[in-house]
Amino acid sequence: MAAYGALVSLMHIIDTLEKHPSPPISINQKQVQSLTQNITFLQDFLDCYISPFAESHEADPLERRIADAVYAAEDVIESHIVDQIHSGSTIVSDHDFYHNLQKVIEEMNLINKEVKSIAVEARTKQKPVVALAASSPTVKESVIVGSKEVFFEVLDKLAGNQLNLQIIPITGMGGIGKTTLAMNLFENAIVKYRFDIRAWTTISQTYNVRETLREVLFRASGRDSSSDMSENELGQKLYQFLFGRRYLVIMDDMWSIKVWEKINFFFPDNQNGSRIIVTTRLSDLSSQLNESCIVGMKFLDEASSWKLFCKTVFGKESFPIELENIGKNIVANCKGLPLSIATIGGLLAKSERTKECWEHIEQNLNSIVINSDDGFCLKIVRMSYIYLPNYLKPCFLYMGFFKEDYRIRVSMLEKLWVSEGFLKPRSGKCLETLAREYFMELVDRNLVLVDELGSIGNVKYCKIHDLVRDLCLKEAERKDFTMS
C-alpha cells in the first residue's frame, strides 16, 4: 500500500538526517520527535488495518490522506535539505520551513485522532485494528492462482475450533509456491482479525537458534531490546510475551528438525487456537512436525497454469488471439511449476507482443528460464542440491542423463546406481536396499516425482521436472560428472 511505503520512506529520511555529509542538516528536534511518533503510530495502525475498500477498485480515502500528508512532509524536508546544502551553512534561517513542516505535523495529528477513534470503535466491536505483526514481502494477486483449494484448506485449519497449539507443515518442491501461499495467509483479513500476534521468520539452511528466537521476538513484540540476551533468556522472554495470547508464527523454509527441537518449548500452548505454519521442501520433516496435518503443494493443472500465465503477462487485458497457441505451448513446457510460469510470464510482459518474438522464446524456453533474472529460477531449485547429503549427490546428478519427460523405471534406476558405483556398502544392508533408501530420500526432498505406483504401493516409475533436469546437467558439467 502506498501509505505504508511512504511512511517507511519518511522514517528513513529522518533516521539519516544526523548522518548526512557536511554541512549537517538542522531541523527542530521537537518537530522531529512529533513526526517520529506520528509515523510509528500510523505504521502500527496500517499493519493490521482492514480497509473497507479492500474488495473494490476504489482507493481508500484514509490511506490516501495519510500518503498525501507524508509526501508533503517529505517535500518540505527535502527542500530544506537542498537549501542547507547550497548555503553551505549548518543553520539556515527559514521561518517558512518551520511553518510549513508544522502545518504537515498538524495534519498528521488530525489523522492520528481519526485513526484512534477508529481503533476505539473497533475495540468495542472486539475487532483488533492495531496489532503487533511482522512485515512480510508484498503479495502479488496473480501468484496465488491455482492454489485456492490449498489456501482455504490451511485457512480452515487456522480458523478452526481446535484449541490446542497446532503445527501446520506446508511442503513441496522449490518454486511450487509454499512461501507465496504462506504470505497470502499471513496477510488475509480473517487471519489478521483472529490472531493477536502474527510473526514471520525465515529459518534457512544455515539457521542460528539464538537469531531465530530473537527474530520471532522482535517480529512479535515490535521491540528489539534483546541483543545481549542468551539463547535461553530470549526463549523465556518470547514464551512470556506469547503466553495467554492467540498467536500465529510462520517459519519459512525450514530444512532441519533440529531447529524445531531446540525452540519448540518456547512456544506456549495457550489452549486458545494458536498456530505455527512451517514451510519446507522436505516431506520427511513435515511428517516429524505433524504427520496428521501435512499440506502438500501440487503442480498447477492446465487451466490454473494458463490463468497464472495470462495474469502475469497481460494482467486484466485480453489475450491476443494470434499469440494464444504459442502461449499455450510455452505454458505446457513449464510443467505446472508456478516459479517457471511466473518467470517466463514476467519476461513476456516486457517483450514485444509479436509472433516472431514469442516463437523465439518458445524455442529457447529452458535456457531463457534458467538465465532470466540472473538465474533466479535455477538458484531457487539449486538450494535443494546444495544441501543434499554428499552420498545422494551423484545419484541425483545421474537423473539429468535421462531425456526430458522420460518415465524412469525405478528398479532399473537403482541397478544403474549400483553398477555406477555410487553406493558405499553399509554393514547389514545390501546395495539394492541402500539404492531403494536413497531413492526415497530424493522423493522425500521433492526432487524426484512419483509417476506411477506398483501393485504393492512401491514406486514403479518416476520423473523429474525439466528445471530440475537442467540443474542436474549444469551441476554435472560444473563438476565434470560423467557416467562410467
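The values are calculated or read from the model by the stated rules, or taken from the named source; none is laboratory data. Fair warning: this is a prediction, and the values are worked out from it, not measured in the lab. Cβ: placed from backbone, ideal geometry, glycine included. Neighbour counts: every protein chain shown. Surface areas here come from the heavy atoms of the whole protein model, side chains and all, with no ligands, DNA or RNA. Shrake-Rupley method; radii C 1.70, N 1.55, O 1.52, S 1.80 Å.
Restricting to the range 220-251, name every residue that is open to solvent by less than 60 Å² (accessible area, probe 1.4 Å) and outside any strand (DSSP E or B). Answer for the range 220-251, where residues must be open to solvent by less than 60 Å² (accessible area, probe 1.4 Å) and outside any strand (DSSP E or B): Ala220, Ser221, Gly222, Ser226, Met229, Ser230, Leu234, Gly235, Leu238, Phe241, Leu242, Gly244.
With respect to being basic (Lys, Arg), farther than 20 Å from Ser283 by Cα, modelled with pLDDT of 85 or more and open to solvent by 40 Å² or more (accessible area, probe 1.4 Å), Arg478 falls outside the description.
On the given criteria, is Lys262 open to solvent by 30 Å² or more (accessible area, probe 1.4 Å) and within 20 Å of Glu149 (Cα to Cα)? Spelling it out, it is not the case that Lys262 is open to solvent by 30 Å² or more (accessible area, probe 1.4 Å) and within 20 Å of Glu149 (Cα to Cα). Just one of (1) more than 27 Å from Arg219 (Cα to Cα); (2) at pLDDT 80 or above; (3) open to solvent by 70 Å² or more (accessible area, probe 1.4 Å) fails for Gln31. It is (3).
Taken over the range 1-27, residues that are in a loop (DSSP other than H, G, I, E, B), loosely packed, with under 13 Cβ neighbours inside 10 Å and modelled with pLDDT of 65 or more amount to 0. Among the residues of the range 304-326, the ones that are touching a residue at least 60 places away in the same chain (Cβ under 8 Å) and either farther than 20 Å from Leu347 by Cα or open to solvent by less than 30 Å² (accessible area, probe 1.4 Å) (or both) come to 3 in all.
Exactly one condition in (1) within 21 Å of Val150 (Cβ to Cβ); (2) at pLDDT below 90 is not met by Arg275; state its number. In the conditions (1) within 21 Å of Val150 (Cβ to Cβ); (2) at pLDDT below 90, Arg275 misses (2) alone.
The set of residues from the range 348-363 being in a helix (DSSP H, G or I), under 13 Å from Gly327 (Cβ atoms) and open to solvent by 60 Å² or more (accessible area, probe 1.4 Å) comprises Lys355, Glu359. Out of Leu163, Leu185, Leu217, one residue alone is buried (at least 17 other Cβ atoms within 10 Å of the Cβ), under 19 Å from Asp269 (Cβ atoms) and not polar (S, T, N, Q). It is Leu217.
Does at least one position in the range 257-264 carry a residue that is modelled with pLDDT under 90, in a helix (DSSP H, G or I), under 30 Å from Arg210 (Cα atoms) and among the basic types (Lys, Arg)? Checked the range 257-264: at least one residue is modelled with pLDDT under 90, in a helix (DSSP H, G or I), under 30 Å from Arg210 (Cα atoms) and among the basic types (Lys, Arg).
The conditions of being among the small types (Gly, Ala, Ser) and within 19 Å of the chain's Cα centre (by Cα) are not met by Ser287.
The set of residues in the range 63-108 being of a type in the set (A, V, I, L, M, F, W, C), assigned to a helix (DSSP H, G or I) and at pLDDT below 75 consists of Ile85 alone. All of Ile167, Ile176, Ile190 fail the test of being of a type in the set (Val, Ile, Thr) and assigned to a strand (DSSP E or B), apart from Ile167. Per this entry, Ser304 is not counted among residues that are modelled with pLDDT of 90 or more and among the small types (Gly, Ala, Ser).
A count restricted to the range 430-439 and to residues that are in contact with a helix residue (DSSP H, G or I) (Cβ under 8 Å, 6 or more places away or on another chain), closer than 21 Å to Asp284 by Cβ and of a type in the set (D, E, K, R) stands at 1.
So which residues in the range 420-429 are closer than 22 Å to Met399 by Cα and not small (Gly, Ala, Ser), if there are any at all? Glu420, Phe422, Leu423, Lys424, Pro425 - these are the residues of the range 420-429 that are closer than 22 Å to Met399 by Cα and not small (Gly, Ala, Ser).
Among the candidates Ser283, Ser256, Ser274, the residue that is under 18 Å from Asp444 (Cβ atoms), among the hydroxyl-bearing types (Ser, Thr, Tyr) and either without any contact (Cβ under 8 Å) to a residue 60 or more places away in the chain or touching a Lys or Arg at 6+ places or on another chain (Cβ under 6 Å) (or both) is uniquely Ser256.
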